[in-house]
Amino acid sequence: MKPLGFSLTTATVLGSLTASAQITVELADLQMTSGVQRSFLTHQGNLTVVNGLIMGTGGPFQWDFSAGVDDETYHYEILPADQSPFSGPFAGAKLTELRTVDSDGRTGWTFFNLTPGGRELHGFHDPAGNPTNPVTQFDNPVVDYPATIDYLDSWSVPASYPTSIDIGDLVVPVNVGVTITSFVDGYGTLTLPTLGTVDVLRINELSLFDSVADVVGTPVQLGQSFVRSYLWISEEYGLVAQIASEGGTQAPSTEFDVAARYLRLSRFTPAPTPIRPIIRSVDYDEEGTAVTITCTSVEGQNYILEVSDNLRAWQSQGDPVQATGATVTFLDNLILFPSAERYYRVHRLPPD
């Protein structure tokens, strides 16, 4: 099974009277709505050298991924889940991401939903991971990417799924428990092969797989394996690069020189309709008792205003507003909610 956090792609743009030190990446920034297409340069074969690319923790760093291995390309496209021939086991998922390998046409599918809490992952259909049993269906969907991601954030995702292994003519059921621990440990800029330089956050993701076989009713521990994956995400494109370690029985070191996967974004096509609200103005009234926030919108879609006085704790302000045109307007009453500092952002809500 590939690391859970690989297949990425609402955005909110922060609007305030001051600015934050690092970027905030929100769900729509991950670019995971139907119609989004992207391509990543990568490598053929199992391993590639990434010596010196990971760097340390903190920031700001300047990662230069403009050059590197490029003898293979992975193409990704977000589609409605019912357009996949393998959607049957994932009845609760509304979206799927199709991966196509350029050299041989092999495909894999990731099934998920976009929710107010983040990306809700249901599982995969990927013959590359297990040709005889390509379905990875989680016992319960997991939110592997929260709706808002900031520098120094951390989260842990437990999951489990059934699979099987072949031992001679015997098909042995196996239950795999997965724990994914993620920490946003770096920030800075990253230079891509064709798309220029973007501001990024880096997620350090450690996945632990614990497998137990059921051999004629007797549980047999198959052992543990670890994979460490670094993911660089931006406000413009979502996932822009990934470096993943080899699997092993011990947790890989934080800086490794040989990778099982090295991906760099080379092409990006956005969804046909705008999905990322942009705050255009923040205006006081004449008495200085209220603020009007105007944001770009898509007619018929719902948006909600969030406020904060410290850029860390956010709360919804008022009810969702349905856009009737190219902009949507919110009113914040400063008399009812006084604060020395006040910051605003706007979410586009997922469709019902």
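The values are calculated or read from the model by the stated rules, or taken from the named source; none is laboratory data. Treat the numbers as computed from the prediction; the structure is a model and nothing was measured. Reconstructed Cβ throughout: ideal geometry from the backbone, glycine too, with neighbour counts over all protein chains shown.
Residues checked against (1) of a type in the set (Val, Ile, Thr); (2) on the phi < 0 side of the Ramachandran plot; (3) buried (at least 19 other Cβ atoms within 10 Å of the Cβ); (4) assigned by TED's automatic domain parsing to the domain that holds Ile233:
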{"position": "Asp139", "(1), (2), (3), (4)": "no, yes, no, yes"}
{"position": "Val143", "(1), (2), (3), (4)": "yes, yes, no, yes"}
{"position": "Ile149", "(1), (2), (3), (4)": "yes, yes, yes, yes"}
{"position": "Leu152", "(1), (2), (3), (4)": "no, no, no, yes"}
{"position": "Ser164", "(1), (2), (3), (4)": "no, yes, no, yes"}
{"position": "Asp169", "(1), (2), (3), (4)": "no, yes, no, yes"}
{"position": "Val172", "(1), (2), (3), (4)": "yes, yes, no, yes"}
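Among strands (runs of 3 or more DSSP E) entirely within the range 232-331, having at least 1 residues that are at pLDDT 85 or above, over 25 Å from Gly129 (Cβ atoms) and within 26 Å of the chain's Cα centre (by Cα) singles out 261-269, 279-284, 290-296, 302-308, 315-322. Just name the residue that is surrounded by the most Cβ atoms within 10 Å (Cβ to Cβ) out of those in the range 52-73 that are farther than 17 Å from Arg261 by Cα and of a type in the set (S, T, N, Q). For the range 52-73, the residue satisfying everything is Thr57. Considering the range 22-50, and only residues there that are polar (S, T, N, Q) and assigned to a loop (DSSP other than H, G, I, E, B), the residue that is modelled with the highest pLDDT turns out to be Thr24. Going through the range 107-124 one residue at a time, which ones are out of contact with any Asp or Glu (no Cβ under 9 Å at 6 or more places or on another chain) and surrounded by fewer than 23 Cβ atoms within 10 Å (Cβ to Cβ)? Answer for the range 107-124, where residues must be out of contact with any Asp or Glu (no Cβ under 9 Å at 6 or more places or on another chain) and surrounded by fewer than 23 Cβ atoms within 10 Å (Cβ to Cβ): Thr115, Pro116, Gly117. The single condition from (1) over 30 Å from Thr57 (Cβ atoms); (2) modelled with pLDDT under 90 that Gln221 fails is (2).
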